[in-house]
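Trainee: Sharing a structure, written as structure tokens. Questions coming.
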Amino acid sequence: MSDQKVALVTGAGQGIGRSIALQLAKDGFDVAVADLDFQQEKAEAVVKEIEALGRKAFFVAADVSKRDQVFAAVDAAAEKLGSFDVIANNAGIAQIKPLSDVTTEDLEKIFNINVFSIVYGIQAAEKKFAELGKEKGKIINASSIAGIKGFPILGAYSASKFAVRGLTQVAAQELAPRNITVNAWAPGIVGTGMWDLIDEELGKLNGKAKGENLKDNVESIALGRIETPEDVAGVVSFFASDKADYVTGQTLLVDGGMLYN
């Protein structure tokens with residue numbers, strides 16, 4: 001079917017990834033739901049939600065820190081769903097530590113997952129677009145407000161998200177001749193498990209009760225509420241659409257008015 005559209009979303013078993021997968025399904029995409037093996041039950045539930053929207057979907061196990069697994073996931077998406085048009089490189093982790101305590105192992109882990117995976121996703125998508133003879137393609141990456149401004153005790157995380165911005169800009173320039181756009185989203189304080197962890201770890205350092213650090217940060221948001229995964233999905237939906245065909249190399253803040261870039 002010439003108008004068929006296929007997307008792959010990493011880390012799609014829960015949180016932001018789930019919302020992105022569901023939004024893309026609503027936009028008319030069939031979706032490969034990629035996540036780690038142990039997330040299969042959650043991911044399969046997302047597959048069912050997508051199917052209930054009338055789109056095709058399947059779960060593909062992938063550790064995004066492993067290059068061969070990212071390429072295999074893209075291959076599976078194209079083979080099982082019949083095309084390949086969009087990759088949303090969403091999977092990532094946070095680390096909460098003062099910079100003085102960050103270890104080599106910490107750096108290796110967060111860069112393998114948050115940065116190397118972006119490179120692999122870009123490479124795999126670029127290769128598949130070429131194989132399929134696509135006239136255009138969309139690559140969309142997960143950055144963060146911490147990729148615009150460094151935050152205390154999020155040093156390694158901030159560095160990894162700054163790196164995503166740089167990779168997005170470079171890939172946008174390199175792939176523009178092939179009409180492949182590369183953009184990133186930069187969320188603020190999203191009501192997911194990641195911010196529950198940040199709140200807890202901040203509390204250990206500053207002595208504030210559980211929930212207080214999150215409350216303090218939410219109060220700094222101009223729009224006055226915590227961000228939802230659906231808020232992020234709306235931005236990804238735009239980048240994946242024809243409406244963003246002339247937008248590339250950009251990292252769009254979606255933070256309710258915390259930073260201004």
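The values are calculated or read from the model by the stated rules, or taken from the named source; none is laboratory data. Nothing here was measured: the structure is a model prediction, and the numbers come from that model. Neighbour counts run over all protein chains shown; Cβ positions are idealised from the backbone, glycine included.
Trainee: Taking Ala34 as meeting all but one of (1) crowded, with 24+ Cβ neighbours inside 10 Å; (2) assigned to a strand (DSSP E or B); (3) in contact with an Asp or Glu (Cβ under 7 Å, 6 or more places away or on another chain), write down the number of the exception.
Mentor: For Ala34, the exception is condition (3).
Trainee: Would it be correct to say that Val247 is of a type outside the set (Asp, Glu), surrounded by fewer than 17 Cβ atoms within 10 Å (Cβ to Cβ) and under 25 Å from Gly137 (Cβ atoms)?
Mentor: Judged against the criteria, Val247 is a match.
Trainee: Of all residues in segment 152-169, which are assigned to a loop (DSSP other than H, G, I, E, B) and either surrounded by 14 or more Cβ atoms within 10 Å (Cβ to Cβ) or in contact with a strand residue (DSSP E or B) (Cβ under 8 Å, 6 or more places away or on another chain) (or both)?
Mentor: Within segment 152-169, just Ile153 meets the criteria.
Trainee: Moving on. Which pairs do you get when a residue that is at positive phi, found in segment 12-23, comes within reach of a residue that is surrounded by fewer than 24 Cβ atoms within 10 Å (Cβ to Cβ) and assigned to a loop (DSSP other than H, G, I, E, B), reach meaning Cβ atoms under 8 angstrom, with the pair 6+ apart or on two chains?
Mentor: Gly15/Thr192
Trainee: Pick out the one residue from Ala222, Ala172 that is touching a residue at least 12 places away in the same chain (Cβ under 8 Å) and in a helix (DSSP H, G or I).
Mentor: Selected residue: Ala172, the only one of Ala222, Ala172 that is touching a residue at least 12 places away in the same chain (Cβ under 8 Å) and in a helix (DSSP H, G or I).
Trainee: Residue by residue through segment 207-227, note down the ones that are loosely packed, with under 15 Cβ neighbours inside 10 Å and of a type outside the set (Lys, Arg).
Mentor: Of everything in segment 207-227, those that are loosely packed, with under 15 Cβ neighbours inside 10 Å and of a type outside the set (Lys, Arg) turn out to be Gly207, Ala209, Gly211, Glu212, Asp216, Glu219, Ser220, Ala222, Leu223, Gly224.
Trainee: Residues in segment 97-117: is at least one basic (Lys, Arg) and either crowded, with 20+ Cβ neighbours inside 10 Å or at pLDDT 95 or above (or both)?
Mentor: Within segment 97-117, one or more residues are basic (Lys, Arg) and either crowded, with 20+ Cβ neighbours inside 10 Å or at pLDDT 95 or above (or both).
Trainee: I would also like to ask the following. Can you name the residue in segment 175-201 that is outside any helix (DSSP H, G or I) and of a type in the set (Val, Ile, Thr) and is also modelled with the lowest pLDDT among such residues?
Mentor: The residue in question is Thr192.
Trainee: Suppose we keep only residues that are closer than 15 Å to Val9 by Cα and of a type in the set (A, V, I, L, M, F, W, C) within segment 40-56. Which one would you say is surrounded by the most Cβ atoms within 10 Å (Cβ to Cβ)?
Mentor: Residue satisfying both the conditions and the ranking: Ala43.
Trainee: Give the residues of segment 203-219 that are over 23 Å from the mean Cα position of the chain (by Cα), of a type in the set (A, V, I, L, M, F, W, C) and assigned to a helix (DSSP H, G or I), sorted by residue number. Steps first, answer last, please.
Mentor: In the first step, residues of segment 203-219 are kept if they are over 23 Å from the mean Cα position of the chain (by Cα); the result is 203-213, 215-216, 219.
Applying the additional criterion that residues be of a type in the set (A, V, I, L, M, F, W, C) yields 205, 209.
Listed by number, the list holds a single entry, Leu205.
Trainee: Within segment 240-261, is there a residue that is in a helix (DSSP H, G or I) and in contact with a strand residue (DSSP E or B) (Cβ under 7 Å, 6 or more places away or on another chain)?
Mentor: yes
Trainee: Working only within segment 37-67, note down all residues that are within 21 Å of Ala78 (Cβ to Cβ), in a helix (DSSP H, G or I) and small (Gly, Ala, Ser).
Mentor: Ala43
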